[in-house]
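What follows is a single structure, written as structure tokens, with notes after it.
The values are calculated or read from the model by the stated rules, or taken from the named source; none is laboratory data. Note that the structure is a prediction, hence the values are computed from the model and not measured. Glycine gets a Cβ as well: all are built from the backbone with ideal geometry, and neighbour counts include every protein chain shown. Accessible surface areas use protein heavy atoms only, side chains included; no ligands, DNA or RNA. Shrake-Rupley method; radii C 1.70, N 1.55, O 1.52, S 1.80 Å.
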Amino acid sequence: MTAGADEGLARLGDTVDRYISERGWQYIDVAGRAGISDETLSKIRKGIRVRPSTYRRLERALGWAPNAADDVQAGGEPALVEVEEQRPATDEPLDPQAEAVLAILAGLPPRVREQVRQRLGDQLPPEARRPA
């Protein structure tokens, strides 16, 4: 492994750690959303290489665009999944709370997203109740 690869993995680990902390999320919850163990998330945060598919799962859990982990390793910032894709076709702006719920739901695997919708039902904003 080259020094550049080590630096990229360390940069990714720092970015993931900072991103999770800034949002006040729990590491165990992020790992669960990604479908990875908390040990695997810990490896990523420490800059230890994992399988490419693991990075893709983490990207979805964080709400990052596909291949954002590669961009971070190369020195960039993670691109986020567009929340606009989840909006209903209307000119009415979304309530900030509904916007946040949609962003969180977008980062979940489809099966988990549907389970959340079923369990929370009427507690979700109307925009978030529609299946994708």
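Inspect all residues belonging to segment 92-102 and state whether any of them is open to solvent by less than 40 Å² (accessible area, probe 1.4 Å), at pLDDT 90 or above and in contact with a helix residue (DSSP H, G or I) (Cβ under 9 Å, 6 or more places away or on another chain). Checked against the condition, which is being open to solvent by less than 40 Å² (accessible area, probe 1.4 Å), at pLDDT 90 or above and in contact with a helix residue (DSSP H, G or I) (Cβ under 9 Å, 6 or more places away or on another chain), segment 92-102 yields no hits at all. Highlighted here are the helices (runs of 4 or more DSSP H) found entirely within segment 7-70 that include at least 2 residues which are under 20 Å from residue 113 (Cβ atoms) and without any contact (Cβ under 8 Å) to a residue 60 or more places away in the chain: 27-34, 52-62.
Summed over segment 33-82, residues that are among the polar types (S, T, N, Q) and open to solvent by 50 Å² or more (accessible area, probe 1.4 Å) total 2. When segment 11-32 is filtered for residues that are exposed (fewer than 15 other Cβ atoms within 10 Å of the Cβ) and of a type in the set (A, V, I, L, M, F, W, C), only 28 remains.
Residue-by-condition table, conditions (1) over 19 Å from residue 79 (Cβ atoms); (2) acidic (Asp, Glu):
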{"position": "8", "(1), (2)": "no, no"}
{"position": "17", "(1), (2)": "no, yes"}
{"position": "23", "(1), (2)": "no, no"}
{"position": "31", "(1), (2)": "yes, no"}
{"position": "34", "(1), (2)": "no, no"}
{"position": "37", "(1), (2)": "yes, no"}
{"position": "44", "(1), (2)": "no, no"}
{"position": "47", "(1), (2)": "yes, no"}
{"position": "52", "(1), (2)": "no, no"}
